[in-house]
1. What are the residues in segment 129-161 that are farther than 21 Å from Ala198 by Cβ, open to solvent by 40 Å² or more (accessible area, probe 1.4 Å) and not in a strand (DSSP E or B), if any?
2. Quick one: count up the residues across segment 71-113 that are under 21 Å from the mean Cα position of the chain (by Cα), assigned to a strand (DSSP E or B) and polar (S, T, N, Q).
3. Kindly provide the set of residues from segment 162-176 that are under 14 Å from Thr216 (Cα atoms) and assigned to a loop (DSSP other than H, G, I, E, B), ordered by number.
4. State all residues of segment 53-72 that are open to solvent by less than 10 Å² (accessible area, probe 1.4 Å) and either under 25 Å from Arg345 (Cβ atoms) or small (Gly, Ala, Ser) (or both); if no residue qualifies, say none.
5. (1) of a type in the set (Ser, Thr, Tyr); (2) free of Cβ contacts under 8 Å to residues at least 24 places away in the same chain; (3) within 18 Å of Val219 (Cα to Cα): which one isn't true of Thr121, the others all being true?
6. Is one or more of the residues making up segment 3-22 open to solvent by 10 Å² or more (accessible area, probe 1.4 Å) and either modelled with pLDDT of 95 or more or within 28 Å of Val144 (Cβ to Cβ) (or both)?
7. Taking the conditions exactly as written (open to solvent by less than 40 Å² (accessible area, probe 1.4 Å), out of contact with any Ser or Thr (no Cβ under 9 Å at 6 or more places or on another chain), modelled with pLDDT of 95 or more and not acidic (Asp, Glu)), does Gly213 satisfy them or not?
8. Looking at segment 261-285 only, could you name the residues that are crowded, with 21+ Cβ neighbours inside 10 Å and among the aliphatic types (A, V, I, L, M)?
Amino acid sequence: LASARPHLAPMRPLLRSAVLFALLATAAAAQPVWQELADSPYNDYRSEDISFLDAERGWAVDGGGRVHRTLDSGATWTQTASLGFDYLRAVAFVSPTVGWVGTLGSSRTLYETRDGGRTFTDISLRVNPLTHGICSLFAVSDQVVYGAGTYNGPATLIKTVNGGQTWTARPLAPHLDTVIDVHFFDAFHGLAVGGTRAPSGGIRPRVIETRDGGSTWTVRHTVASVTNGWGWKLSFPTPEVGFVSVEKYGDGADAMILKTTDGGVTWAEIVIPDAGSGSMQGVGFVTPEIGWVSGRGTTSMTTDGGATWAQLAIGEGLDPNVNRFQFIDGIGFASGQKIHRLDARGVAVEPGPNL
């Protein structure tokens, strides 16, 4: 994505306002629009996760045990496998043939495929010690892959450094009691989000950071005002600017996300007014300014990095149950009841008042 900020010489306030209005109008007109992929799998709840190698080849998994694949950027989809009654929660592919699927609520917590998703092998016993569930998988390379789970605890990080032949598991306590998502910038530097137990017995959302591949962690932010919620998903449009969605219950109506501008060291809490239940799950930013947060029946959009928000009506491109966004080569995908696609390759002007 190309981004350009025009240089404005000093000018009179009225003229400057007119120029600013014109620039913002041009940017708004160029806003990318999500399209529902008609042939994509439908789930009355949602597809839990997606993994795209490039703008053409991707996989989706859902709680019904189904694995679907597309080879044409989502225009058509094929169900490649059904893993019985296992609840498929996470997926990561590192090549057209090799990938992994994580599950919840099953003794078969980790599956591997070596044929593009046509057949899967239960490799749960390769994880040492055995973990009881996986909420996310993140591939740094074809050799280094991380995973984490679960949303209801205990919080565990899993890791392979040899392409899935062996996996290690490490508890994230005392930093996290529950964990939902991980994001790694390289083989050693990454973030995890989930929750820590509050003195009242609830769960407070928290972000933690590692710089040594998960051996040690530093707490970077805890949401003190929320006592029943989690940090849910991570989205980094650049290495410095990132966002975390906050899923919460019973702590007021306003939804919330977290934002960092220094690669995850410090975080600001951003309120999203009028966002339904206040409980957010999927979060995706295609630039530091343009992004969406979705889940629990509401989708909100910002074009100024979270300073202001608008709620999208049902039918405005995204269904309100998105759990995962992914952007690759200027193309975005979102997994809700259907899979959605966004062509953002033409976005050139960053909206916002800081000209």
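1. Pro129, Leu130, His132, Val140, Ser141, Asp142, Gln143, Val161
2. Number of matching residues: 1.
3. Start the filter on segment 162-176 by keeping residues that are under 14 Å from Thr216 (Cα atoms), which leaves 169-176.
Once the filter is applied, which keeps residues that are under 14 Å from Thr216 (Cα atoms) and assigned to a loop (DSSP other than H, G, I, E, B), segment 162-176 yields Leu172, Ala173, Pro174, His175, Leu176.
4. Gly58, Trp59, Ala60, Gly65, Thr70
5. With (1) of a type in the set (Ser, Thr, Tyr); (2) free of Cβ contacts under 8 Å to residues at least 24 places away in the same chain; (3) within 18 Å of Val219 (Cα to Cα) applied to Thr121, the lone miss is (3).
6. no
7. Numbers: open to solvent by less than 40 Å² (accessible area, probe 1.4 Å): yes; out of contact with any Ser or Thr (no Cβ under 9 Å at 6 or more places or on another chain): yes; modelled with pLDDT of 95 or more: yes; not acidic (Asp, Glu): yes.
The answer is yes for Gly213.
8. Scanning segment 261-285 gives Ile272, Ala275, Met280, Val283.
The values are calculated or read from the model by the stated rules, or taken from the named source; none is laboratory data. Please read these numbers as outputs of a predicted model, since none were measured by experiment. Note: ideal-geometry Cβ built from the backbone for every residue, glycine included; neighbour counts use all protein chains shown. All accessible areas refer to the heavy atoms of the entire protein, side chains included, with ligands and DNA or RNA removed. Shrake-Rupley method; radii C 1.70, N 1.55, O 1.52, S 1.80 Å.
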